[in-house]
Amino acid sequence: YVALRYLPLTELTAINFASPLIVTLLVGPFLGEKIGPRRVIAVIIGFIGVLIVTRPGGHGIHVAALLALVGSLTNAFYSIATRKLVGHDSPETTMFYTGMVGSVALAPVLFFVWSTPNSLLTWAVMLLIGALGAIAHWLLILAHKHSPASVLAPFYYAQLIGAAIIAMIVFGEFPDIWTILGGSIVIGSGLYVLYRERVRKREAEILSQN
């Protein structure tokens, strides 16, 4: 949210796409899922795409971009933790405690940043964000219950299309060439990770049949 105040929506979304790549690296030590050298190379190429978007050596990386990268890291750990919990707790339990802990942890910040909205439209949009977030969270938990985190992660990239459309229609923001190029590299590497996961599963099925 803080980074969104300073970065265009498409740039922020492209940086957030580092999260599925981080998940790919973390599934080994945290979930015991094996990753091969090809997927590691795909992750490295994906991070090069993130660097193209942020361009730390060009105009100087904005501190908000660093916040977005930290957000990607924490989101990756969230995905890993969700995958861990689905084997022990029901989706309802996971969703309840996630919301409760987040509300309690951030409640003290409310006193420093809260500004009461003065229009019904603002209240309506806030409620809509909460409802859509809850539905998305619920679907994410259900997805992690049935599939490995490394398989689900690439679907995260569908956000870029939505973010680009919303940015142009609502905010009048158009992605620059660097955001398009870097975002395309990140998406391509993520899709390759998905492809390699499917190949690995297909090979494992063939071996088990033999």
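The values are calculated or read from the model by the stated rules, or taken from the named source; none is laboratory data. Note that this is a predicted model, so its numbers are computed, not measured. Glycine also receives a Cβ, built like all others from the backbone with ideal geometry; neighbour counts cover every protein chain displayed. The accessibility values were calculated without ligands, DNA or RNA, using every heavy atom of the protein model including side chains. Shrake-Rupley method; radii C 1.70, N 1.55, O 1.52, S 1.80 Å.
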Exercise for review: Find the residue count for the range 162-198, including only residues that are aliphatic (A, V, I, L, M) and either more than 30 Å from Glu33 (Cα to Cα) or surrounded by fewer than 12 Cβ atoms within 10 Å (Cβ to Cβ) (or both).
Suggested key: 11
Exercise for review: Test each condition in (1) more than 24 Å from His144 (Cβ to Cβ); (2) in contact (Cβ under 8 Å) with a residue 60 or more places away in the chain for Leu31 and report the one that comes out false.
Suggested key: (1)
Revision key, fill the gap. Only one of Leu121, Leu128, Leu110 is of a type outside the set (Phe, Trp, Tyr), at negative phi and surrounded by 10 or more Cβ atoms within 10 Å (Cβ to Cβ), namely Leu128
Check your understanding: Residues in the range 43-60: is at least one farther than 17 Å from Gly183 by Cβ and at pLDDT 80 or above?
Key -> no
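Per-residue answers, yes or no, for (1) open to solvent by 30 Å² or more (accessible area, probe 1.4 Å); (2) assigned to a helix (DSSP H, G or I); (3) modelled with pLDDT under 80:
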{"position": "Leu12", "(1), (2), (3)": "no, yes, no"}
{"position": "Leu21", "(1), (2), (3)": "no, yes, yes"}
{"position": "Thr24", "(1), (2), (3)": "no, yes, yes"}
{"position": "Pro29", "(1), (2), (3)": "yes, yes, yes"}
{"position": "Glu33", "(1), (2), (3)": "yes, no, yes"}
{"position": "Ile41", "(1), (2), (3)": "yes, yes, no"}
Review point. Does Thr98 satisfy the condition of being more than 30 Å from Ile185 (Cβ to Cβ), in contact (Cβ under 8 Å) with a residue 24 or more places away in the chain and open to solvent by 30 Å² or more (accessible area, probe 1.4 Å)?
Key: yes
